[in-house]
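Enquirer: Attaching a single structure in structure tokens format; questions to follow.
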Amino acid sequence: PAFPTINKHWTKIMFSNVWLTFLNSTAVQEPPHPPCHQYTNKTCEECLKNVTCLWCSSSKRCVDYPVKNLLPPRSLCELSSARWGVCWVNFEALIITMSVVGGVILVSLCICCYCCCRKKRSKKPDKEDEKAAREKEQRRVRQEERRAEMKSRHDEIRKKYGLFKEENPYAKFENN
């Protein structure tokens, strides 16, 4: 029973390998770029046409970008004179700009989350508030019922002993 499962598994692996090999062989191959050091003592624009190159404006050198490091080491080129991608932005300005933009995005995201949560909380009363409001209304209704019951009992006692107050106290005098 385990053998057919392994067989299916290996079939899938083999099929995917064949498919990837086919895709790689049919993909359009770009011609390799010339080495970056060829553009040393030329212009920044010529050097940066190749995306794997780094231009150092202080020494006018074009070198391969050190892909093992995030930023080029100081021994290769100072951050203030290193250019990559475009000639008008150095790494120092790029780092500062990206930090500020990232900080602004992060702060605005936090503010949006806070405002949305606060808005949601203020719109919809929570279950405890609803429960308290229901209990308050039930107490008010029971109080009104007790008040009406007590009033009717008192009125019966007043009637029984002749102490019942009439609606209009002057009605006795008008009828005579």
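Enquirer: So, in region 51-82, exactly how many residues are in contact with a helix residue (DSSP H, G or I) (Cβ under 7 Å, 6 or more places away or on another chain) and more than 18 Å from Pro35 (Cβ to Cβ)?
Expert: 6
Enquirer: Within region 72-93, count every residue that is open to solvent by 70 Å² or more (accessible area, probe 1.4 Å) and at pLDDT below 85.
Expert: To start, the set of residues in region 72-93 that are open to solvent by 70 Å² or more (accessible area, probe 1.4 Å) comprises 74-75, 78, 84, 88, 92.
Then drop every residue that is not at pLDDT below 85, which leaves none.
Selection size over region 72-93: 0.
Enquirer: Can you say whether Leu106 is surrounded by 10 or more Cβ atoms within 10 Å (Cβ to Cβ) and not in a helix (DSSP H, G or I), as far as the supplied structure shows? Outline the logic, then answer.
Expert: Working: surrounded by 10 or more Cβ atoms within 10 Å (Cβ to Cβ): yes; not in a helix (DSSP H, G or I): no.
It is false that Leu106 is surrounded by 10 or more Cβ atoms within 10 Å (Cβ to Cβ) and not in a helix (DSSP H, G or I).
Enquirer: Which condition from (1) at pLDDT below 90; (2) under 30 Å from Leu79 (Cα atoms) is the one that Ser108 breaks?
Expert: Answer for Ser108: the failing condition is (1).
Enquirer: A further question on this structure: Given (1) open to solvent by less than 70 Å² (accessible area, probe 1.4 Å); (2) among the small types (Gly, Ala, Ser); (3) at pLDDT below 85, where does Ser122 come up short, assuming only one miss?
Expert: Going through the list (1) open to solvent by less than 70 Å² (accessible area, probe 1.4 Å); (2) among the small types (Gly, Ala, Ser); (3) at pLDDT below 85, Ser122 breaks only (1).
The values are calculated or read from the model by the stated rules, or taken from the named source; none is laboratory data. Everything numeric here is computed off the predicted structure, so don't read it as measured data. Neighbour counts run over all protein chains shown; Cβ positions are idealised from the backbone, glycine included. Just the protein is used for accessible areas: all its heavy atoms, side chains included, with ligands, DNA and RNA removed. Shrake-Rupley method; radii C 1.70, N 1.55, O 1.52, S 1.80 Å.
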